[in-house]
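J.: One structure, pasted below without further comment.
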Amino acid sequence: MNPLLLGLAVVFLWDGYFFFNYIISLFHNYGIREWTPKVSIIIPAYNEGKRVLRAINSALEQDYPDLEVIVVDDGSEDNTFEVASSVKDPRLRVYRKEHGGKAKALNFGLSKAIGEIIITTDADSYLERDAIKELVRRFYSDEVLGVGGQVRVAGSSFLERAQDAEHLRIAMFRRAKELDDLSLAPGPVAAFRREALERIGGFVEDIVEDYATTKAVKELGKVVYAPRARAWTEMPRSLSALWRQRKRWFLGDLKNLGGGFTKDLTFLLASDVVAFLDVVVPPLLLITGNFALFALWWFFETFTMLLPTLFEGGRLINALLFPLIVWFWAAFYLTLHIYGYLSVLLRRV
């Protein structure tokens, strides 16, 4: 078989597998429970004076009857504490502590919280009005100890649109494969039973505290996905800042990886093979004059993004640009992962 055709077939089979599982998931009802436990929303903040007010207001404006909001100023050097303290609402408490990192700030907030359900969000993010309600509804049984929502990216530059499309693709994957076995409850929109956090000793102090905490909680019970619980966040606007952020995430993730085909290391390596094909096959199709196959690839990538764009509240322009975005992310992550693997191997030598 023609190597280019074989490579294209592998890309189609990989992406198509998750796409068709996503379609199937849209017809499945997922478990919910209508209840309204006391909720504590913890917002750690470090030098977020320009953005923390939006995060606080989105938390206080939630369509939920019984909540408190705890802002922890993690030793900011700007006016974060003053801005947060300017909000006058009996449901809000603002604390200041010495700078110690996000996980320590979350654990400080946990020590002050009284809610049965602990919600985390970030000072550079804002929750959609029904996010808390949707998170809480997914605690449909006692074995569910954690819930993660959908993260979306605000902004209109190509890099911001690319990151939003990336998160929309993640939402598609999570709905297809992780509705009741979520690998990561993301920091901007996550919920945990208080008792579960106490049993693991609080939020795990790690550079990827959300992933490490999710993994620890899953040792005790289930962590599930709430597709309608959405938070919008700000992400890097320059390639250098994006590289620094994703390098930190990836090196942190590598420490926590385990086995299994659909999770962790094996899945990561398989996805890197597909990323390599995503990088090399489309340009080679153009170079070798296979314009019909290139058009087929372009149509396929666009089509598989249109449906999640419709159902998950995405932006049409992201779907139309998705073939370019796919190529960008494949090249970016392949480079990042090679860097990460070499960093780990060289440290072990």
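J.: Please arrange Val208, Val52 by counting, for each residue, the other beta carbons lying within 10 Å of its beta carbon, fewest first. Provide the component values of the computation, followed by the final result.
T.: Values: Val208 22, Val52 27.
So the residues, fewest neighbours to most, are Val208, Val52.
J.: Another question about this same structure. Once you charge only the Cβ atoms, +1 for Lys and Arg and -1 for Asp and Glu, what is the size of the charge dipole of region 39-237 about its Cα centre, to the nearest 20 debye? Present the calculation step by step, with values, prior to reporting the outcome.
T.: On the way: 30 positive and 34 negative charges, 80 e Å.
Computed about the Cα centre, the dipole is about 380 debye.
J.: So if R0 is 22 Å, what FRET efficiency would Trp243 and Ala154 give, r being the distance between their Cβ atoms, rounded to the nearest 0.05? Intermediate values should be presented prior to the final figure.
T.: Working: r = 20 Å, r/R0 = 0.92.
E(calc), rounded to 0.05, equals 0.60.
J.: Okay, next question. Quick check: the angle from helix 291-312's long axis to the longest principal axis of the chain, C-alpha only, nearest 10 degrees?
T.: Helix 291-312 sits at roughly 20 degrees to that axis.
J.: Using +1 at the Cβ of each Lys and Arg and -1 at the Cβ of each Asp and Glu in the chain, identify which of Leu293, Gly314, Tyr339 lies farthest towards the dipole's positive end.
T.: Sorting the options by dipole projection puts first Tyr339.
J.: Given R₀ = 56 Å, what would the calculated FRET efficiency be for Ala9 paired with Asp66, taking r from the Cβ atoms and rounding to 0.05?
T.: Once rounded, the FRET efficiency stands at 0.60.
J.: From the helices alone, meaning DSSP H stretches of at least four residues, give me the mean residue ellipticity at 222 nm for the chain, per-run term -39500 (n - 2.57), in deg cm²/dmol to the nearest 500.
T.: Numbers: 13 runs with 189 residues, N = 349.
After summing the helix terms and dividing by the residues of the chain, the value is -17500 deg cm²/dmol.
J.: Now for a separate question. How far is helix 158-177 tilted off the main Cα axis of the chain, in degrees rounded to 10, range 0 to 90?
T.: Computed tilt is about 90 degrees.
J.: Can you classify region 262-349 as rounded, prolate or oblate using the Cα gyration tensor, where a ≥ b ≥ c are the square roots of its eigenvalues, rounded means a/c under 1.5, and otherwise it's prolate if a/b beats b/c and oblate if not?
T.: Values: a/c = 2.67, a/b = 1.50, b/c = 1.78.
Here region 262-349 falls in the oblate category.
J.: On a 0 to 90° scale, report how tilted helix 239-256 is relative to the longest principal axis of the chain, with both axes built from alpha carbons and the result rounded to the nearest 10.
T.: Once rounded, one gets 80 degrees.
J.: State the antiparallel share, in %, of DSSP beta bridges confined to region 39-237, rounding to the nearest 5. Provide the component values of the computation, followed by the final result.
T.: Working: 10 of 35 bridges.
Around 30 percent antiparallel, to the nearest 5.
J.: What is the Cα radius of gyration of region 39-237 over 2.2 N^0.38 Å, N being its residue count?
T.: On the way: Rg = 15.6 Å, N = 199, 2.2 N^0.38 = 16.4 Å.
Computed over Cα atoms of region 39-237, the ratio equals 0.95.
J.: With 10 angstrom as the radius, rank Phe332, Phe276 by how many other C-beta atoms surround their C-beta, starting from the fewest. Mind showing how you got there, number by number?
T.: On the way: Phe332 18, Phe276 15.
Fewest to most other Cβ atoms nearby, the residues stand as Phe276, Phe332.
J.: Pairs Lys102/Lys218; Lys177/Lys218; Lys50/Lys247; Lys112/Lys177; Lys133/Lys177; Lys97/Lys133: which are spaced more than 28 Å apart, C-alpha to C-alpha? Walk me through the intermediate numbers first.
T.: On the way: Lys102/Lys218 21 Å; Lys177/Lys218 16 Å; Lys50/Lys247 26 Å; Lys112/Lys177 35 Å; Lys133/Lys177 23 Å; Lys97/Lys133 30 Å.
Violating the 28 Å limit, Cα to Cα: Lys112/Lys177; Lys97/Lys133.
J.: Something else now. Which loop trypsin sites (Lys or Arg not before Pro) in region 1-62, with loop taken from DSSP, have no more than 14 other Cβ atoms within 10 angstrom of their Cβ? Please report the intermediate quantities before stating the final value.
T.: Numbers: sites: Arg33, Lys38, Lys50, Arg51, Arg54; in loops: Arg33, Lys38, Lys50, Arg51.
Here the trypsin sites (Lys or Arg not before Pro) that fit, given the DSSP loop and packing criteria, are Arg33, Lys38, Lys50.
J.: Still on this model: Tell me the label-point distance for the pair His28, Ser111, using the 7 Å Cα-to-Cβ offset, in nm and rounded to one decimal.
T.: About 4.2 nm, to one decimal.
J.: Continuing with the same structure: Which of the trypsin sites (Lys or Arg not before Pro) found in region 80-176 are loop residues per DSSP with 11 or fewer other Cβ atoms within 10 Å of their Cβ? Write down the numbers at each step before the final one.
T.: Working: sites: Lys88, Arg91, Arg93, Arg96, Lys97, Lys102, Lys104, Lys112, Arg129, Lys133, Arg137, Arg138, Arg152, Arg161, Arg169, Arg174, Arg175; in loops: Lys88, Arg91, Arg129, Arg138.
Sparse-neighbourhood loop trypsin sites (Lys or Arg not before Pro): Lys88.
J.: Taking a ≥ b ≥ c as the square roots of the Cα gyration tensor eigenvalues, with a/c under 1.5 meaning rounded and otherwise prolate when a/b beats b/c, else oblate, which class fits region 177-305?
T.: Values: a/c = 2.20, a/b = 2.08, b/c = 1.06.
It is prolate, given that a/c is not under 1.5 and a/b is the larger ratio.
J.: Which shape class applies to region 2-133: rounded if a/c is under 1.5, otherwise prolate when a/b exceeds b/c and oblate if not, where a ≥ b ≥ c are the square roots of the Cα gyration tensor eigenvalues? Write out the running numbers ahead of the final one.
T.: Values: a/c = 3.02, a/b = 1.80, b/c = 1.68.
Prolate.
Here, each number is a calculation from the coordinates, and none is a lab measurement. Please read these numbers as outputs of a predicted model, since none were measured by experiment. No Cβ is skipped: glycine too gets one built from the backbone with ideal geometry, and neighbour counts run over all protein chains shown.
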